[in-house]
1. Would you compute, for the Cα atoms of segment 86-163, the largest minus smallest coordinate along each principal axis and list the three values in descending order, in whole Å?
2. May I ask you to derive the FRET efficiency for Ser69 and Thr30 from their Cβ-Cβ distance with R0 = 35 Å, giving the value to the nearest 0.05?
3. Greater than 25 Å separation of Cα atoms is the criterion. Which listed pairs, Lys36/Lys92; Lys119/Lys151; Lys35/Lys119, meet it?
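Computed from the coordinates by the stated procedures, all read-outs in this text should not be read as laboratory data. Computed from a prediction, not measured in an experiment: that's the story for all the values here. Cβ placement follows ideal geometry from the backbone for every residue including glycine, while neighbour counts extend to all protein chains displayed.
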Amino acid sequence: MPSRYRNPQVDPGDGSDFNYRHTVDPRYKTSAAVKKTMNSSLPAFYGFLILGLLLSFVIPAFPQLETHSQAGIISATSVMPALIVHAALNPKMLSNTLCYFGILWCSGGALSLLLIAAKCLSVDQSLGTILFAALSSGGAVLNAFMSRKLKVLQENAAYSKAK
């Protein structure tokens, strides 16, 4: 007859539930991948800023757009998205408002850079203008890419808060 003070043993099973117990929810995998991509894109924003400022002061694009205007455009479309990315990577600062603001800023920055590139090329086709338009197009792609990543991050954050 078994002792009444015997510790009960839990049946360990056959191990077939291993895959079920040790999986990471896909939203966490997606969030980690997005944050890694966003973190690795920060040097691109800083490179865009440095290259844009050098190009603005060394080879002015065209006389209708002053050098400080070019520098302001490049700064606004590179520094603010970089700051938004830094804030979004901090879990305590991540919020829907920040993501929406970042999406709007990056989308607006991408569109404004494309419009400025088109305006530059319609007025003048000098070397400085072509380089500035190419840099602006690259910045537009970078801003659009970051806008998409912020949208995915915002969807994941909203999903985890809804549950």
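1. Computed over segment 86-163, the largest-to-smallest principal extents equal 55, 17, 14 Å.
2. According to the calculation, E is roughly 0.35.
3. Details: Lys36/Lys92 17 Å; Lys119/Lys151 29 Å; Lys35/Lys119 34 Å.
The answer is Lys119/Lys151; Lys35/Lys119.
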